[in-house]
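Undergrad: Below is a structure I'd like to ask you about.
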Amino acid sequence: MRRKIIAGNWKLNKTISESIRLVNTLKVKIVNVSHTDMIVCPTFISLSAVAEALKGSNIQLGAQNLFWEENGAFTGEISGPMLKSAGCSHVIIGHSERRQYFGETDETVNKRLKAAISAKLSPIVCVGETLHQREENQTFDVIKAQIGGALQGFDTSELRELIIAYEPVWAIGTGKNATPEQAQDVHSFIRSQLEVLFQADFAASVRIQYGGSVKPENADSLLSQPDIDGALVGGASLDADGFAAIIKSSENLI
Ligand code: 13P
């Protein structure tokens with residue numbers, strides 16, 4: 001049985017003091033949660049302060065990106081060991097916004113994944129098709145290439161902490177979520193790809209989150225699908241009540 005995992009991707013939102021306020025409010029609302037893993041991913045600049053605010057709670061901390069070199073002349077970048085030292089346990093890699101606006105490719109996703117693993121950060125690798133690709137019936141081909149590219153050169157012992165997030169680009173920030181059936185179809189396809197690339201027991205163990213307009217109102221129906229093991233939540237994670245409600249949906253499904 002895979003443990004559900006709900007992560008909040010705050011993207012470019014919240015100052016340091018707003019970040020602290022948000023987790024302080026959230027902490028109180030989720031005290032009784034015990035069957036669901038919970039992660040918040042603030043901006044780099046708020047990580048240390050949020051880590052401090054999260055002490056004693058069971059909410060974990062994630063970053064939204066990392067660079068593949070550990071240190072050196074790479075102005076503006078942040079490395080795995082630095083994230084670890086700020087208190088991170090997780091890191092998002094290859095979010096579609098990074099692919100769309102910052103030139104991320106399957107090859108750079110692969111390099112970042114390697115860096116995350118060597119820093120002992122649990123990676124959340126994002127994949128997802130655009131609306132055009134879905135309309136052209138390319139969804140499975142796109143997902144297959146993204147998974148294959150990201151995971152190329154790894155063996156299962158390195159990928160024990162791997163989490164995959166399926167985020168259809170057309171559902172991100174649009175209010176238009178994939179239907180539970182559309183999401184389940186792709187999640188089950190991702191699992192079949194993991195089986196082809198690795199082994200069945202590994203494929204069965206990897207947690208696959210859905211992301212794209214997850215809200216308290218649709219969380220139940222998405223999270224109750226057999227291959228949906230959690231959610232990567234954007235907008236709704238910026239509000240403590242909304243995020244806690246999504247976490248509680250997951251918790252009630254146990
Ligand atoms: P929204 O929940 O705002 O659609 O964002 C999803 C997302 O991109 C999470 O990483």
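The values are calculated or read from the model by the stated rules, or taken from the named source; none is laboratory data. Everything numeric in this text was worked out from a predicted model, so none of it was measured. Cβ atoms come from the backbone with ideal geometry, glycine included; neighbour counts cover every protein chain shown. Accessible surface areas use protein heavy atoms only, side chains included; no ligands, DNA or RNA. Shrake-Rupley method; radii C 1.70, N 1.55, O 1.52, S 1.80 Å.
Undergrad: Could you give the accessible area per residue of the range 45-163, probe 1.4 Å, as a whole number in Å²? Each step should come with its number before you reach the end.
TA: Numbers: 5910 Å² over 119 residues.
With the other protein chains kept in place, the range 45-163 gives 50 Å² per residue.
Undergrad: Still on this structure, I have one more. Local charge sum around PHE74 (other residues, Cβ-Cβ under 15 Å, Lys/Arg +1, Asp/Glu -1)? List each step's numbers first, then the result.
TA: Numbers: positive: LYS111, ARG112; negative: GLU69, GLU70, GLU77.
Its environment carries a net charge of -1.
Undergrad: What percent does the relative contact order of the range 1-108 come to when contacts are Cα pairs within less than 8 Å and at least six residues apart?
TA: Numbers: 146 pairs, mean separation 25.7, N = 108.
Taking the mean separation of contacting Cα pairs over the length of the range 1-108, I get 24 percent.
Undergrad: Can you give the translational diffusion coefficient of the range 69-111 in µm²/s, computed by Stokes-Einstein from the Kirkwood radius over Cα pairs at 37 °C and 0.692 mPa s? Before the final figure, lay out each step's value.
TA: Working: Rh = 11.7 Å.
Translational D for this selection: 282 µm²/s.
Undergrad: For the chain, modelled as a GNM with alpha-carbon contacts under 10 angstrom, which of SER17, SER118, SER157 fluctuates the most?
TA: SER157
Undergrad: Related question: Once you order the gyration tensor axes a ≥ b ≥ c over the Cα atoms, which shape class does the range 121-238 get: rounded for a/c under 1.5, otherwise prolate or oblate by comparing a/b with b/c? Walk me through the numbers on the way to the answer.
TA: Working: a/c = 1.78, a/b = 1.40, b/c = 1.27.
Prolate, since a/c reaches 1.5 and a/b exceeds b/c.
Undergrad: Okay, moving on. Can you give the charge dipole size of the range 146-254 about its Cα centre, rounded to the nearest 20 debye, using +1 on the beta carbon of Lys and Arg and -1 on the beta carbon of Asp and Glu?
TA: Working: 6 positive and 15 negative charges, 33 e Å.
So the magnitude is around 160 debye.
Undergrad: Then there is this: How high is the FRET efficiency between GLU107 and ARG160 when r is their beta carbon distance and R₀ equals 22 Å, given to the nearest 0.05? Show your work: numbers first, answer last.
TA: Working: r = 23 Å, r/R0 = 1.05.
Result of the calculation: an efficiency of 0.45.
Undergrad: Strictly over 31 Å apart at the Cα level, which of LYS4/LYS84; LYS114/LYS248; LYS55/LYS144 would you flag in this model? Don't skip to the end; give the middle numbers.
TA: Working: LYS4/LYS84 23 Å; LYS114/LYS248 33 Å; LYS55/LYS144 39 Å.
From LYS4/LYS84; LYS114/LYS248; LYS55/LYS144, over 31 Å: LYS114/LYS248; LYS55/LYS144.
Undergrad: What residue among GLY173, GLY56, GLY230 shows peak mean-square fluctuation when the chain is described by a Gaussian network model with Cα springs under 10 Å?
TA: Result: GLY56 has the largest fluctuation of those listed.
Undergrad: In percent, what relative contact order does the range 41-185 have, based on Cα pairs under 8 Å that are 6 or more apart in sequence? Intermediate values should be presented prior to the final figure.
TA: On the way: 207 pairs, mean separation 29.0, N = 145.
Taking the mean separation of contacting Cα pairs over the length of the range 41-185, I get 20 percent.
Undergrad: Within the range 212-234, list the residues whose amide N lies under 18 Å from a label point set 7 Å along Cα→Cβ of LEU12.
TA: 234
Undergrad: How large a share of the accessible area of the chain, in percent, is made up of carbon and sulfur atoms when the probe is 1.4 Å and the other protein chains stay in place? Intermediate values should be presented prior to the final figure.
TA: On the way: 5770 of 11360 Å².
C and S fraction of accessible area: 51 percent.
Undergrad: Counting only other residues whose beta carbon sits under 12 Å from that of GLY234, what net charge do I get with K and R as +1, D and E as -1? Intermediate values should be presented prior to the final figure.
TA: Numbers: positive: LYS11, LYS215; negative: GLU97, GLU167, ASP239.
With Lys, Arg at +1 and Asp, Glu at -1, the neighbours total -1.
Undergrad: Going by the alpha-carbon gyration tensor, a ≥ b ≥ c the square roots of its eigenvalues, is the range 49-157 rounded (a/c under 1.5) or, if a/c is not under 1.5, prolate (a/b greater than b/c) versus oblate?
TA: Details: a/c = 1.94, a/b = 1.69, b/c = 1.15.
Note, shape of the range 49-157 comes out prolate.
Undergrad: Could you tell me which residue out of THR36, ASN24, GLN60 lies farthest along the dipole of the range 1-86 toward its positive end? Charges go on the beta carbon: Lys and Arg +1, Asp and Glu -1, centred on the Cα centre.
TA: THR36
Undergrad: In terms of the Cα gyration tensor, with a ≥ b ≥ c the square roots of its eigenvalues, is the chain rounded because a/c is under 1.5, prolate because a/b exceeds b/c, or oblate?
TA: Details: a/c = 1.44, a/b = 1.10, b/c = 1.32.
It is rounded, given that a/c, with a ≥ b ≥ c, falls under 1.5.
Undergrad: Loop-only check: which chymotrypsin sites (Phe, Trp or Tyr not before Pro) in the range 56-122 are DSSP coil with at most 14 other Cβ within 10 angstrom? Mind dumping the intermediate values first?
TA: Details: sites: PHE67, TRP68, PHE74, TYR101, PHE102; in loops: TRP68, PHE74, PHE102.
Filter output for the range 56-122: PHE74, PHE102.
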